[in-house]
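In what follows, a single structure is set out as structure tokens and then discussed.
The values are calculated or read from the model by the stated rules, or taken from the named source; none is laboratory data. Here the structure is a predicted model, which is why all the values come from computation and not from measurement. Please note: Cβ atoms are built from the backbone with ideal geometry, for glycine as well, and neighbour counts cover all protein chains shown.
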């Protein structure tokens, strides 16, 4: 049955596909120096797709379309909007990166991966889910290794591919076991099968562990985080930004849907396992961040730690828990894109990305320094930036669920975080360039950067001050899980 | 709806910070002028709030409430009572004088005040000020917390960028970590209180007036009082968590020292009172002996350490620990006299210590040393600063006729009722304080001018004098006319006594 709801449920995906085809057709006709305009086209197209989806494609009552493959609800819709926003920002950040900005295929790959993420957020069936995850991952492998002449980038692409292939094989094995035990691959029917008792707790535990390997890789929780620092460091910076935000959030979208819908609270020991994983993820991520001297590696490890904070909301397994995870991810996407955007804007001009090289940035470009301050303070969880409210909500959900010890682990880790984030700001604001006058080494911003960074910075402040609407959307999304 | 004066006070500095950031960096004097104008405006508004607060009615006045996130019961809920109105005024005064003394002198030989990137300096300082105002006027616990954190992090930048080169990195990081640890520990306690209230009453609200009636069990109050109270009291410089404070004072630039000692430490004491004592009164009664012990140690120990310092800023920093110990001592009595004294002491100490740091900064900017043995004869060079410092010293010693007396006397009365031994021991600090203040005044202001300082030390600027006179007027005025503040604080204390269940 093909109804208008069927079409509306994949409206954003259709629009993304149309955009991709458009770029595919137009791009060869452009001269080499015009090709960066594909960035404007991608970003503009994605924003238009967001507006059109918001106007016509808002979900009503949750429904399932395409024979149970796709769930059309606010959870998926909100995540789709987030991904598309992140994609638009990333496309703009691509533009003035010489290595990838003038190659039309970079934008195509970005859109292809975005298509996969959108489907990840709405998959209601394990088969669909697996396809979506692979659609997301494969373009990202290519993008990570995009700079063929750069050894680090090639290594990043290859490493990401190997880890991804291995973990997705684990996950696929888990899915096949689920099908074997339950006789269905539909996420929304699994729960009935479990309550019917066709799956023992022990077996379910094993299956969940296998699935967690694949998802843990996507969201980079310890011990599946080893790829993150190398890939983030080697990949082109905007790609790292995209990996650490949209790709991670897509993983969380699946995690939330699977654990809240298909496997709700089937055993207390399972929640405890997740809680311990969350605690380890935060702690290991933060302790490793402390020793980093490269800004991209620092952000990579800190993104591992942030996956740990967000997990607290999953552990809480309550409506507020789900809301707080979604809110956290929204704030985190804006913040980390801003952080990577600033790094990108800086190293595009200077060609370096060690933390030491940021000395004197506040004199070289005060605005860029301020935006970096906003991003890092938000990551550290300071108001009036998004990170603060997001953390408080996650902690509130943790305390509500009785996980006071986990929240204490969380706050100890936030303190470590404050230390290393402020340490970077010390270079930016306090230290001077050795033997140079900063006035002679400005860091100019090109137009795409100026626009993207300004929008992101504004977003980070808005989500941290006027948080009611964001909370409302996150809550609407979380509500569809219950 | 009346004029929303409290939200205007809170957001004026933040808006000013934004405007200042938008200005081109080479328009230095224009930047300062905008800063001074907005500080003056905030001061006038806080004066208006203070003097139009109706003491006969008491309670929370100028109340404004806007729903912010109804789903979790978070609202922008502002109001002042007899306890917080003086602190709002204090913040206005310190902000105003802080801008005045940061203006400085562009003359490269003098280089007083803030000459490096004044635009960023004032922007961060005002963000801090906005956070401080927000804490003092918030009646919503979430928002109190929000503003509290806003008041913490600009300190790092202000100290690390404009501070004393030798220790600034160390001190700034130490301060930030101490304060952040304290605040997040309190946060956990606050969240526990929030959910317990929900369990008890079914109301989801961060409104502190609602939380007062949440019916927390005695066990919960006893278990969570210490984390909540001490978490905030870290910022109040309570012993043994005071260590960050003198280091921070010493490393900070003058205006930030004034803010830090004058206002920020009050923020800690105030939040500890508002959240710790007022929301968990049973816990406060149970643990009052411990707080009293900590405070008693702080009073004597702080004074003694201040006595042996040779660096003026360290001396004042430790004297702040000692005086804030008196505030904590007053809070720990949980009786009318002690709490009233603590309320007045917060104001009195804020003004006094701001003055001390201002004068010390003026001397350091011109003599390039703060070491007491290397200084002398300042009275002839900068008589205004000298007279200001002497008046501050008299306040510090608790001389009758100055604001220190009307603050410390009730505190000792309150402590005596509770535990006379503590009062006796704590009163030793008055003697030590008198000793180090007088030694300092004699050496720095009246001894001969050392050879090294001949010639190049000049007088302070007109703006500096305005700042000193403003602060002195407040201290003498309050000393001569205690009725300007004491009855107001008492209305606030009545409310606390009611919550404590006492008559």
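Identify all residues within segment A:426-482 that are in a helix (DSSP H, G or I), under 18 Å from residue A:381 (Cβ atoms) and in contact with a strand residue (DSSP E or B) (Cβ under 8 Å, 6 or more places away or on another chain); write none if there are none.
Residue satisfying the conditions is A:471 alone.
Is it the case that some residue within segment B:417-427 is crowded, with 18+ Cβ neighbours inside 10 Å and free of Cβ contacts under 8 Å to residues at least 60 places away in the same chain?
Yes, segment B:417-427 contains a residue that is crowded, with 18+ Cβ neighbours inside 10 Å and free of Cβ contacts under 8 Å to residues at least 60 places away in the same chain.
Quick one: would you say residue A:351 is within 11 Å of chain B (Cβ to nearest Cβ), modelled with pLDDT under 90 and surrounded by fewer than 24 Cβ atoms within 10 Å (Cβ to Cβ)?
In short, no.
Among the listed residues B:92, B:113, identify the single one that is at pLDDT 90 or above, under 20 Å from residue B:463 (Cα atoms) and crowded, with 24+ Cβ neighbours inside 10 Å.
Being at pLDDT 90 or above, under 20 Å from residue B:463 (Cα atoms) and crowded, with 24+ Cβ neighbours inside 10 Å holds for just one of B:92, B:113, which is B:92.
What number of residues within segment A:399-440 satisfy the criterion of being within 30 Å of residue B:199 (Cα to Cα) and more than 8 Å from chain B (Cβ to nearest Cβ)?
Adding up the residues that qualify gives 9.
Can you tell me which residues in segment A:256-278 are within 21 Å of the chain's Cα centre (by Cα) and either buried (at least 24 other Cβ atoms within 10 Å of the Cβ) or at pLDDT 90 or above (or both)?
A:256, A:257, A:259, A:275, A:277, A:278
The rows are residues; the columns are (1) surrounded by 15 or more Cβ atoms within 10 Å (Cβ to Cβ); (2) within 22 Å of residue B:350 (Cα to Cα).
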site: B:438; (1), (2): no, yes
site: B:449; (1), (2): yes, no
site: B:453; (1), (2): yes, no
site: B:485; (1), (2): yes, yes
site: B:491; (1), (2): yes, yes
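Tell me whether segment B:207-217 contains one or more residues that are more than 8 Å from every other protein chain (Cβ to nearest Cβ), on the phi > 0 side of the Ramachandran plot and touching a helix residue (DSSP H, G or I) at 6+ places or on another chain (Cβ under 6 Å).
Yes: one or more hits.
Among residues belonging to segment B:150-193 that are within 21 Å of residue B:279 (Cβ to Cβ) and more than 9 Å from every other protein chain (Cβ to nearest Cβ), point out the one that is surrounded by the most Cβ atoms within 10 Å (Cβ to Cβ).
Checking each candidate, the answer is B:179.
Got a number for residues in segment B:391-416 being farther than 21 Å from residue B:301 by Cβ, buried (at least 24 other Cβ atoms within 10 Å of the Cβ) and modelled with pLDDT under 85?
Selection size over segment B:391-416: 0.
Please go through segment A:371-384 and pick out each residue that is modelled with pLDDT of 90 or more and within 10 Å of another protein chain (Cβ to nearest Cβ).
Matches in segment A:371-384: A:373, A:377, A:380.
Which numbered condition in (1) closer than 16 Å to residue B:193 by Cα; (2) buried (at least 24 other Cβ atoms within 10 Å of the Cβ); (3) within 9 Å of chain B (Cβ to nearest Cβ) is the only one that residue A:389 fails?
The single condition residue A:389 does not satisfy is (1).
Can you tell me which of B:40, B:31 is modelled with pLDDT under 90, closer than 23 Å to residue B:127 by Cα and in a helix (DSSP H, G or I)?
Numbers: B:40 fails: modelled with pLDDT under 90.
On inspection, the qualifying residue turns out to be B:31.
Would you mind stating whether residue B:147 is touching a strand residue (DSSP E or B) at 6+ places or on another chain (Cβ under 8 Å), at pLDDT 90 or above and either facing chain A (nearest Cβ under 9 Å) or assigned to a helix (DSSP H, G or I) (or both)?
Against the criterion (touching a strand residue (DSSP E or B) at 6+ places or on another chain (Cβ under 8 Å), at pLDDT 90 or above and either facing chain A (nearest Cβ under 9 Å) or assigned to a helix (DSSP H, G or I) (or both)), residue B:147 qualifies.
Looking only at segment B:87-105, decide whether some residue is within 13 Å of chain A (Cβ to nearest Cβ), outside any helix (DSSP H, G or I) and touching a helix residue (DSSP H, G or I) at 6+ places or on another chain (Cβ under 9 Å). Spell out the reasoning first.
Our first condition is that a residue be within 13 Å of chain A (Cβ to nearest Cβ); within segment B:87-105, this holds for none.
Checking segment B:87-105: not a single residue is within 13 Å of chain A (Cβ to nearest Cβ), outside any helix (DSSP H, G or I) and touching a helix residue (DSSP H, G or I) at 6+ places or on another chain (Cβ under 9 Å).
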